[in-house]
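*Asks:* Here it is, the structure, as structure tokens.
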């Protein structure tokens, strides 16, 4: 019997593969949204008028992001331009940017070739890419906190501050999701939640 026939008849394998593909896409979209939105808010004029938030694109944003050529074919792409700007600023290096492009390609494969995942499952390279995506998200989050947020908000950070462990709510939420799905930590988190609720009572 063909492997793909056995695959689609295996409920556990189907659930595992589809969950992985969905999680990969969800984390990628959240990661990219945060990078793109943070840079836009940093470079643009924004505020609230008559109860409505507005963002006005500046010339700096247009030249650095919106109108930036991102490849040898003359293409413009806000997402790629945002990550290229992070590279310009030293938040990531050439290797990280190439890694981002690979992660983006895998995301597109999951979104547009989900039938392949159903028939053949997830590859080892895609699992490695998932881990690399998590690490790249943590790296950019840490850099952004130290070099942008801490500077703007004038945080008094000690000279020996270890920003490698800095995280944000997005990263923490995804870490819980991964722990529950793949590290069997559901009961552990439930106990923590119960403890918090008991203390609030």
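The values are calculated or read from the model by the stated rules, or taken from the named source; none is laboratory data. Here the structure is a predicted model, which is why all the values come from computation and not from measurement. Neighbour counts run over all protein chains shown; Cβ positions are idealised from the backbone, glycine included.
*Asks:* State yes or no: is residue 36 over 24 Å from residue 182 (Cα atoms), surrounded by 11 or more Cβ atoms within 10 Å (Cβ to Cβ) and in contact with a strand residue (DSSP E or B) (Cβ under 7 Å, 6 or more places away or on another chain)?
*Replies:* Considered against the rule, which asks whether it is over 24 Å from residue 182 (Cα atoms), surrounded by 11 or more Cβ atoms within 10 Å (Cβ to Cβ) and in contact with a strand residue (DSSP E or B) (Cβ under 7 Å, 6 or more places away or on another chain), residue 36 comes out as no.
*Asks:* Could you check how many residues of the range 111-128 are more than 21 Å from the chain's Cα centre (by Cα) and assigned to a loop (DSSP other than H, G, I, E, B)?
*Replies:* Qualifying residue count for the region: 1.
*Asks:* Hey, another quick one. Can you spot a residue in the range 146-153 that is over 19 Å from the mean Cα position of the chain (by Cα) and either within 17 Å of residue 31 (Cβ to Cβ) or assigned to a loop (DSSP other than H, G, I, E, B) (or both)?
*Replies:* Yes, that holds for at least one residue.
*Asks:* Identify all residues within the range 24-51 that are in contact (Cβ under 8 Å) with a residue 12 or more places away in the chain and part of a strand (DSSP E or B); write none if there are none.
*Replies:* Matches in the range 24-51: 45 only.
*Asks:* Regarding the range 41-51, can at least one residue be identified that is under 29 Å from residue 110 (Cα atoms), surrounded by 15 or more Cβ atoms within 10 Å (Cβ to Cβ) and touching a helix residue (DSSP H, G or I) at 6+ places or on another chain (Cβ under 9 Å)?
*Replies:* The answer is no, given that none of the residues of the range 41-51 is under 29 Å from residue 110 (Cα atoms), surrounded by 15 or more Cβ atoms within 10 Å (Cβ to Cβ) and touching a helix residue (DSSP H, G or I) at 6+ places or on another chain (Cβ under 9 Å).
*Asks:* OK, next. Restricting to the range 76-98, name every residue that is in a helix (DSSP H, G or I) and closer than 18 Å to residue 33 by Cα.
*Replies:* Within the range 76-98, 78, 79, 80, 81, 82, 83, 84, 85, 86, 87, 96, 97 qualify.
One line per residue, one yes/no per condition, for (1) in the same structural domain as residue 183 (by TED's automatic domain parsing); (2) assigned to a helix (DSSP H, G or I); (3) surrounded by 15 or more Cβ atoms within 10 Å (Cβ to Cβ):
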residue	(1), (2), (3)
12	no, yes, no
18	no, yes, yes
53	no, no, no
74	no, no, no
108	no, yes, no
